[in-house]
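What follows is a short report on a single structure.
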Amino acid sequence: MANEPVEKNMESFKERDYTDNVVDKYHTYDELVNNILQSGKDYDMKAIENAYLFANEAHAGQKRKSGEPYIVHPISVADILVSLGMDTDSVVSALLHDVVEDTPVTLEDIEKKFGSTVAQIINGLTKLSKIGFKTKEEHQAENIRRMLIATNKDIRVLIIKLADRLNNMRTLSAMYPQKQRDIARETMEIYAPLAHRMGIRQVKEELEDLSLRYLDPVGYKQICDRLSEQQSNREAFLESIKNELREKLIVDIPDVVMSGRVKSVNGIYHKMIMQGKSFEDIYDIYAVRVIVDTVAECYAALGVVHTTYTPLPNRYKDYITMPKSNGYMSLHTTVLRKSDDPNANAVPFEVQIRTKEMHLTAEYGVAAHWKYKTGPAAEGGKVVFENTVSWIRKMIENQMDSENTDVITVIKDDIMPDEIYVFTPKGDLKVLPTGATVIDFAYAIHSQVGHRMIGAKIDGKIVPINTELQTGNVVEIQTTKEIVNGPSRDWLKMASTSEAKNKIRSWFKNERRPENIAEGRTEFEREMKRAGMIIPEDKYEEFMTEQARKSHIDSIDDFYAAIGYGGILMSKIMPRLREDYSRMIVKPVESVKMRSFSEDERRARKKDLGVRVEGIDNCQIKMSRCCNPLPGDDIIGFITRGYGVSIHKRSCSNVPQDLEHCESPERWIKASWAEETDYREFKTTLKLTCIDRKGLLADVTTQLSLMHIGINSLNSRELKDGNAVITTTISVSSKEHLAQIIAKLNRIHGVLNIERTSGS
């Protein structure tokens, strides 16, 4: 490959202006044509023009939220695909990608005019907008599942979808704030990782940066301001480094190509916020790329770099010997350049060394073989292409037996930016996500190896099978000849990868049906009881049949079995169970009860709050604000003057320890919770002590919202030690319900301690 295309490609996505002004420019068809001609690729301009005219007519009169003609969007998506070097069918599909969803045009119309390939791609891009789903999550999951299945047939579906999402993110400012955050979160969690797994670095980094702008605008702006302040110094620094290295490298590598790059805003944010580093502590903010012709020249260039500058220990990575799972290959090393000023500190920076072929794959991933050659057989991207298609196929298989919304979890679990490299005793390499255990390794070799595993050795030493693996480990799996007991259910908690978890679930699904049903029923009833939901016998079959139907399962026993082998997670379906329980059980019962009581009895019933006071009926009851008791707490009543009975926790500081010898002992009275509290809600106050960081309050409120928890009040304050305190009063149904909430909040990054306090 000649130098000229590589140098041109390095600038195809120019360094963005680091300001808060992220707006995509207005694209016209003439600009698209000009960019196509400048690309130097052999496009079928007649087909592209026909697609544009067809789409322009179909979208006539339609406007975007920004007020622009709708046709601007498909033109912009097509322009992104041209910059990625995609083929004619991709550009035509981009121009037509919304006509079936948003206009009267049908797929049959597309196929007649533009052929079956374009029609198939557009079918994969068209959302399931006409099918009703119970929740937004189910709708989102099914759209992603549909897209992945279509991608398995033609990888271009996902590349076009990523370009579509990129243009939408560039123009997201036209949406209202909550919609901006929802789309940005989905982009950060799903589409940016997919771009990473496809190896399209430019798209991945821009999607992350644009998402961050809406998820944490303050943090985003702070980093942009720092980068903007240093722009002139940065450009001068990188230019001087390139000149220094070029002079030394050109002696033995005359065709060497140099470029500089700055770490993405999200990459800096992740290290500053998530890892607690200062801007100055991030060594790879600046990087110089060295592009050569051969692998031998890569290692020769590395020697020159280490001779010229001081290498930092443990900062060298060889992705040529051990490529990343998305096909990325390069040498990375971080070095120090001493300043001419004796009072100035040495400046750390990263050097990336790769061949031209590696560089093309690093920038464009699976799109690389469309960049200068036609079709998936192009030499540069063939391996990446085949690996990516294989990964998509495996991911689809992994989540086929899972609950509908689990496709999102599978994507998050399977797309890991950080990987480890582990070896079998024979030297075979297995690439696993960071945090993978011996169990994941066994199932990565083969299902039967995992099922028959009875022990393991790491580097010759016997270890527990839940041991986390590290890069360079040599792992030996000890197995039996025949499957005796098979995997344990505890392995589902120890495994890290979706592949291992689904193989374990498949084992239990196929081999342990009676056990699964019993285990699933026990877990279901335990979680329902913990949530305060008891199903009456006369409503049992109706309620459970409804749950099986909503889970796309044929029978109640199959529903229990799916819970037993892990195909359905109770944590996933609890919000739905609460809603159905209220609709099918609570409201009908309340309706019958309310019809059978007098008005006075109804008022008294509303006042009892699910509490029974010894020896007193129909009295006014209130929950004391000093301790906010919940069902499940040990309680006691205090007879007030004119206000009925006030209920306290027995451990409340206002309750005397010695009731017999306290003042007015006759006013303290035994109280207990009724067997059923009619699913009432009670207020309680939590105090969260956390590491202070941007987005913390948003994460807390988002988590409470996802659990459908009512927030009565919320405030936060900074502490002098760098921590923060968040105090919130929420509505819960019981002490067990509160424990579930606290467990979820404890998983939020930065939460140090949660305690239940007094408060109204």
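Put simply, when 64-71, 684-691 are sorted by average Cβ atoms within 10 angstrom per residue, most first, you get 684-691, 64-71.
So what is Rg over Rh here for the range 459-578, counting just Cα atoms and using Kirkwood for Rh?
A ratio of 1.08.
Backbone N atoms of the range 68-86 closer than 14 Å to the 7 Å Cα→Cβ label point of residue 174 belong to residues 68-77. A simple packing score, the average count of other Cβ atoms within 10 Å per residue, orders the peptides 439-451, 732-744 as 439-451, 732-744, with the highest score first. For residue 432, the accessible surface of its heavy atoms amounts to roughly 10 Å² (probe 1.4 Å, protein chains only, rounded to the nearest 10).
If you plug the beta carbon distance of residue 236 and residue 42 into 1/(1 + (r/R0)^6) with R0 = 45 Å, you get a FRET efficiency near 0.65. Can you give the FRET efficiency for residue 742 and residue 318, using 1/(1 + (r/R0)^6), R0 = 41 Å, r = Cβ-Cβ distance, to the nearest 0.05? Efficiency computed from Cβ-Cβ geometry: 0.35. Taking label positions 7 Å along the Cα-Cβ direction at both residue 657 and residue 687, the computed distance is 2.1 nm, reported to one decimal.
Over the residues of the range 424-499, compute the C-alpha Rg and express it relative to 2.2 N^0.38 Å.
Against the empirical 2.2 N^0.38 Å value, I get 1.00 for the range 424-499.
Exceeding 26 Å between C-alpha atoms, which entries from my cross-link table qualify? They are 539/622; 324/509; 271/493; 493/539; 41/113. Don't skip to the answer; put the middle values down first.
On the way: 539/622 32 Å; 324/509 33 Å; 271/493 28 Å; 493/539 34 Å; 41/113 24 Å.
Table pairs above 26 Å Cα-Cα are 539/622; 324/509; 271/493; 493/539.
Sorting 101-108, 353-360 by their mean Cβ neighbour count within 10 Å, with the most densely packed peptide first, gives 353-360, 101-108.
Spatially, the range 160-184 and the range 677-723 are offset by 28 Å when compared through their Cα centroids. For the range 507-543 versus the range 421-492, the spacing of their alpha-carbon centroids is 32 Å. Summary of the geometry: the range 49-66 and the range 191-218, compared by the centres of their Cα atoms, lie 28 Å apart. Taking every protein chain into account, the accessible area of the range 413-545 amounts to 53 square angstrom per residue (probe 1.4 Å).
Could you sort 749, 27 by accessible area so the largest value comes first, with the probe set to 1.4 Å? All intermediate terms of the calculation are to be shown ahead of the outcome.
On the way: 749 90, 27 20 Å².
The most accessible residue leads, giving 749, 27.
Just to confirm a number: summing +1 for Lys and Arg and -1 for Asp and Glu over residues other than residue 717 whose beta-carbon lies under 12 angstrom from that of residue 717, what do you get? Could you put the intermediate results ahead of the total?
Values: positive: 687, 720; negative: 692, 718.
With Lys, Arg at +1 and Asp, Glu at -1, the neighbours total 0.
The values are calculated or read from the model by the stated rules, or taken from the named source; none is laboratory data. The structure presented is a predicted model; accordingly, all values stated were derived computationally and were not measured. Glycine also receives a Cβ, built like all others from the backbone with ideal geometry; neighbour counts cover every protein chain displayed. Quick note on the areas: whole protein, heavy atoms, side chains included, nothing else; ligands and nucleic acids left out. Shrake-Rupley method; radii C 1.70, N 1.55, O 1.52, S 1.80 Å.
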